[in-house]
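Engineer: Below is a structure I'd like to ask you about.
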Amino acid sequence: MSVRRVLHAGEFSYGASGEGVAAGFRKLGWENHFVDIRDHFLASPTLPLRLAARAMRPLLVRSYNDAILRAARQVEPHALLTVKGLNIEPATLRALGRMGVRSANYFPDFHFRHGGFDVNTFAQYDFVFTTKSFQLDALREQFGVREPHFLHHGYSSAVHYPRLAEVSEADFEVDCLYVGIGSPYKAKWLHALQRRAPNVSLKIVGANWRNLLRGTPLEPCYLGYPLFGDAYARAAQTARINLAFHSGPSGPQGWQDLVSTRTFEIPACRGFMLHIDNSETRSLFAPGEEIGAFASEDELVEKVIHYLARPEQRAQMIERAYARCVPAYSYDARAVVLSRALAGAG
């Protein structure tokens with residue numbers, strides 16, 4: 001019996017999309033091989049190492065691409081899969097094509113302005129899957145992708161699951177939790193909640209918040225360090241309400257996220273989710289039955305106060321959202337779609 005091999009190129013940290021998709025491929029019987037970008041690039045918060053990494057960048061990019069091609073020659077994979085495709089060069093993808101290796105980019109962001117990402121690579125992939133429905137026309141018309149595909153984010157079944165069998169009132173650590181990269185748009189929502197419901201306890205987690213919140217009433221709410229993996233899953237389950245909203249309109253197209261990984265991770269961890277309202281979210285979960293939803297500052301504050309006062313309703317909605325999400329919205333399920341394309345079965 002022939003074994004299907006897939007070469008994964010990207011980041012494979014605990015709970016990351018690449019790790020979750022690879023686990024899904026493994027469950028489908030594919031043999032996974034990895035070229036981890038972290039083995040080739042320096043990452044440090046210290047200025048001297050950041051400057052060194054910048055100076056060495058061309059060499060590091062070459063090292064990474066050489067490693068991809070070397071691994072492809074060694075293991076002879078049927079396919080290459082990358083999440084986002086940072087620092088993968090067009091020439092590398094063309095060389096893989098000459099070897100008969102199918103390639104796919106599962107692109108998870110609402111914009112393409114990432115350091116190390118070359119939009120010219122889009123046309124070199126056999127398959128481009130975007131998690132953003134609003135990108136399909138641009139991928140087709142501007143970047144030469146003949147048939148782009150839309151495939152939602154997911155959650156990692158090995159990481160995003162309930163840590164407590166039951167949650168008592170004493171187990172809750174905070175009324176509202178927000179996890180995400182800081183921005184003025186996001187801060188506006190949180191300032192409105194704090195200003196109009198000052199007795200609601202709030203915890204804010206993520207990068208780029210420190211300067212945004214310094215000297216404001218929200219500064220004490222900032223955790224100051226990230227939550228990943230197990231700690232993140234536990235925090236989602238032990239917050240009475242997990243707030244889910246995303247970056248506001250950005251770039252020349254005015255694109256903005258409708259859903260994100262948190263849209264799937266929070267319910268998978270049996271956390272209660274209060275999500276910004278839009279048609280895409282409604283296609284995934286039923287507002288008022290499985291999740292809470294809001295579309296304005298007034299509604300955000302109103303829904304937070306409403307659901308905090310109704311723990312039994314929250315518990316019922318958590319169970320309905322969990323049943324909707326698990327396992328249908330997992331990266332295991334996303335891997336089924338990706339593997340069928342790469343195997344030539346869809």
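The values are calculated or read from the model by the stated rules, or taken from the named source; none is laboratory data. Because the structure is predicted, anything quoted here is derived from the model rather than measured. A quick note on method: Cβ atoms are made from the backbone with ideal geometry, for glycine too, and the neighbour counts reach across all protein chains shown.
Engineer: Of all residues in the range 207-239 being at pLDDT 95 or above and in a loop (DSSP other than H, G, I, E, B), which is surrounded by the fewest Cβ atoms within 10 Å (Cβ to Cβ)?
Structural biologist: The qualifying residue surrounded by the fewest Cβ atoms within 10 Å (Cβ to Cβ) is Gly215.
Engineer: Residue by residue through the range 196-206, note down the ones that are closer than 22 Å to Val159 by Cβ and part of a helix (DSSP H, G or I).
Structural biologist: Hits for the range 196-206: nothing passes.
Engineer: Ala187 versus (1) free of Cβ contacts under 8 Å to residues at least 60 places away in the same chain; (2) in contact with a Gly (Cβ under 9 Å, 6 or more places away or on another chain): which is the lone unmet condition?
Structural biologist: Of (1) free of Cβ contacts under 8 Å to residues at least 60 places away in the same chain; (2) in contact with a Gly (Cβ under 9 Å, 6 or more places away or on another chain), only one is false for Ala187: (2).
Engineer: Right, something else. Taking the conditions exactly as written (without any contact (Cβ under 8 Å) to a residue 60 or more places away in the chain, part of a helix (DSSP H, G or I) and surrounded by fewer than 17 Cβ atoms within 10 Å (Cβ to Cβ)), does Arg70 satisfy them or not?
Structural biologist: Answer is yes for this residue.
Engineer: Restricting attention to helices (runs of 4 or more DSSP H) lying wholly within the range 246-311, give those where 3 or more residues are under 22 Å from Ala192 (Cβ atoms). Step through it out loud before you land on a result.
Structural biologist: Numbers: elements: 261-268, 279-284, 297-308.
By residue number, 261-268, 297-308.
Engineer: Can you name the residue in the range 1-22 that is of a type in the set (A, V, I, L, M) and in contact with a helix residue (DSSP H, G or I) (Cβ under 7 Å, 6 or more places away or on another chain) and, of all such residues, is farthest from Leu69 (Cα to Cα)?
Structural biologist: Out of the qualifying residues, it is Val21.
Engineer: Considering only residues that are within 19 Å of Ala158 (Cα to Cα), part of a loop (DSSP other than H, G, I, E, B) and touching a Leu at 6+ places or on another chain (Cβ under 9 Å), which ones fall in the range 1-29?
Structural biologist: Across the range 1-29, the qualifying residue is only Glu11.
Engineer: Here's a follow-up. Would you list the strands (runs of 3 or more DSSP E) that sit entirely within the range 85-184 and hold 2 or more residues that are buried (at least 20 other Cβ atoms within 10 Å of the Cβ), assigned by TED's automatic domain parsing to the domain that holds Arg73 and in contact with a strand residue (DSSP E or B) (Cβ under 8 Å, 6 or more places away or on another chain)?
Structural biologist: Details: elements: 102-107, 127-130, 174-179.
Once the strands (runs of 3 or more DSSP E) in the range 85-184 are filtered for at least 2 residues that are buried (at least 20 other Cβ atoms within 10 Å of the Cβ), assigned by TED's automatic domain parsing to the domain that holds Arg73 and in contact with a strand residue (DSSP E or B) (Cβ under 8 Å, 6 or more places away or on another chain), what remains is 102-107, 127-130.
Engineer: I'm checking my understanding of the structure. Among residues of the range 238-272 that are among the hydrophobic types (A, V, I, L, M, F, W, C) and over 19 Å from Phe110 (Cα atoms), which one is nearest to the chain's Cα centre (by Cα)? Please lay out each step first, then the result.
Structural biologist: So in the range 238-272, the residues among the hydrophobic types (A, V, I, L, M, F, W, C) come out as 239, 241, 243-245, 255, 258-259, 264, 266, 268-269, 272.
Of the ones still in play, those that are also over 19 Å from Phe110 (Cα atoms) are 239, 241, 243, 266, 268-269, 272.
Numbers: Ala239: 20, Ile241: 20, Leu243: 16, Ile266: 12, Ala268: 14, Cys269: 15, Phe272: 18 Å.
Filtering the range 238-272 for residues that are among the hydrophobic types (A, V, I, L, M, F, W, C) and over 19 Å from Phe110 (Cα atoms), the one nearest to the chain's Cα centre (by Cα) comes out as Ile266.
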